[in-house]
Amino acid sequence: MKEIIKELWKYFDERKFDKAKELLHKEFKGYWKTTLEIFETRDNFIEVNKMYPGNWRTQLQKVEMTENGAVSVTYVYSKESENKFYATTFYKFKDNLIYRIEEYWATCEKSSSWRNKYIKLSKN
């Protein structure tokens, strides 16, 4: 299942959305929890990713298997935008395909200055 997740993000990064669709079960549902959006078909999920404005790149940072599926963390960025994100994604599988995705998006932002004396900043 880890390999399927790696392939999914690789295809998104390469903008090979039709290949990514092949990794999704025919009964796929996707949930973007932070915006309350539900994708009731794999076609809709792939189409919204295909049509999303800009040339976004993805770097899969981590994949962990869980009792009920898997979870991944992916860094998402674009040279066209100052915005950067982390997507935390929970997966469920059926018939060796991705059956459900529940995704949470976080915006990368500058740390609050009051914490500076307590922290060391990472580069990514």
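The values are calculated or read from the model by the stated rules, or taken from the named source; none is laboratory data. Computed from a predicted structure; not experimentally measured. Virtual Cβ from ideal backbone geometry, glycine too; neighbours counted across all protein chains shown.
Would the range 2-25 turn up any residue that is of a type in the set (Phe, Trp, Tyr), closer than 15 Å to residue 102 by Cα and more than 12 Å from the chain's Cα centre (by Cα)?
No, the range 2-25 has no match at all.
Which one is modelled with the lowest pLDDT among residues in the range 88-113 that are charged (D, E, K, R) and in a loop (DSSP other than H, G, I, E, B)?
By that ranking, first place goes to 110.
State which residue is nearest to the chain's Cα centre (by Cα) when the search covers only the range 55-87 and only residues that are assigned to a strand (DSSP E or B) and hydroxyl-bearing (Ser, Thr, Tyr).
The extreme case among them is 74.
Tally the residues that are closer than 18 Å to residue 88 by Cα and surrounded by fewer than 17 Cβ atoms within 10 Å (Cβ to Cβ), restricting the search to the range 32-47.
The total comes to 6.
Only residues in the range 98-121 that are free of Cβ contacts under 8 Å to residues at least 60 places away in the same chain count as the first member; pair them with residues that are of a type outside the set (Phe, Trp, Tyr) and not in a loop (DSSP other than H, G, I, E, B), Cβ under 7 angstrom, at least 6 apart or cross-chain, and list the lot.
That search, which allows pairs on different chains as well, returns 108/84.
Against the condition surrounded by fewer than 15 Cβ atoms within 10 Å (Cβ to Cβ), within 21 Å of residue 7 (Cβ to Cβ) and modelled with pLDDT of 95 or more, how does residue 58 come out, does it pass?
no
Looking only at residues in the range 26-50 that are assigned to a strand (DSSP E or B) and among the basic types (Lys, Arg), which one is farthest from the chain's Cα centre (by Cα)?
Among those residues, the one meeting the criterion is 26.
Please determine whether any residue of the range 61-81 is loosely packed, with under 14 Cβ neighbours inside 10 Å and in contact with a Gly (Cβ under 9 Å, 6 or more places away or on another chain).
yes
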